[in-house]
Amino acid sequence: MTGRERVLARVDRSLAGRIQHTLIRPGVRYEELERHCHECLEYGFQAAMIPANWVPEAKQLLAGSIVRVASAVDFPNGAMTTAGRVAEARAVIEAGADEIDIGVPLGWFLAGRVDRFRDDLAAVVRAAAPAPVKVMLELPLVPRERWDALVDAAVAAGVRYVKNASSGAVGVATPEEIAYLRARVPPTVGVKASGGIRTADQVRALLAAGADLVGTSSGIAIVSGAGAAPDDGSRY
């Protein structure tokens, strides 16, 4: 058995099947995308989370597999116009994405324009349909007493998943945040954990708290038992 075969033999497939293997940063090259998609196939990750401009190529690389193609819209700022967000969501789905994660217009929500916030998300959900939309709620940036209103607005907009945050740049995912989201949303809405997730222990704790999916750029280290992944600067 080769060294590579030994690594693959000890992969925790139960964890890999819940991980969205993430490659989101500036300047991703084709050879990096190709390697990333190959890793998704080899390790059994649930999805390849990749930049929108590489969606058609990822779709081809993953053709015939059960690995989903996921991408991000209006990331990381959530500050585009609703028309721009709708157009981007539609274009990404038409390019071949199976699902999208979208930033939120958090400024509108924090300014009390909750209806505008909800209607914006609803427009994106309609544009992406029937593909699932996962919404990055950025809980660490929102006062705790307003979490309920934030989550309720997202659910009312028809999102399929709620996420605690977009990345580790906002905050490291905690079991407490995930347990809160799981308790707040109905069973028909999933929960994705994201942000600074680098160890298998973190993943297991987040899944135990109620996460359905986990987004991380450290998936290989996590599922292969290699210990904590080094900080690669991606923050995802």
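At a glance:
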| item | result |
| --- | --- |
| Asn77, sole failed condition from (1) modelled with pLDDT of 95 or more; (2) surrounded by fewer than 17 Cβ atoms within 10 Å (Cβ to Cβ) | (1) |
| Boolean, Asp98 is of a type in the set (Asp, Glu), farther than 25 Å from Val203 by Cβ and surrounded by 14 or more Cβ atoms within 10 Å (Cβ to Cβ) | no |
| Flag if Glu32 is more than 15 Å from the chain's Cα centre (by Cα), over 19 Å from Ala211 (Cβ atoms), of a type in the set (Asp, Glu) and at pLDDT 95 or above | yes |
| Hits in segment 177-219 (condition: of a type in the set (Val, Ile, Thr) and either assigned to a strand (DSSP E or B) or crowded, with 24+ Cβ neighbours inside 10 Å (or both)) | Ile178, Val191, Ile197, Val203, Val214, Thr216 |
| Residues of segment 101-120 classified as farther than 19 Å from Ser167 by Cβ and either in contact with a Pro (Cβ under 8 Å, 6 or more places away or on another chain) or crowded, with 22+ Cβ neighbours inside 10 Å (or both), total | 3 |
| Out of Ala183, Ala165, Ala157, Ala179, sole residue that is in contact (Cβ under 8 Å) with a residue 24 or more places away in the chain and farther than 18 Å from Ala205 by Cα | Ala157 |
| Subset of segment 34-60 (residues that are of a type outside the set (S, T, N, Q), in contact (Cβ under 8 Å) with a residue 24 or more places away in the chain and crowded, with 20+ Cβ neighbours inside 10 Å) | Cys37, Cys40, Tyr43, Gly44, Phe45, Ala47, Ala48, Met49, Ile50, Trp54, Val55, Ala58 |
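The values are calculated or read from the model by the stated rules, or taken from the named source; none is laboratory data. All figures in this text were calculated on a predicted structure; none of them were measured in a lab. Please note: Cβ atoms are built from the backbone with ideal geometry, for glycine as well, and neighbour counts cover all protein chains shown.
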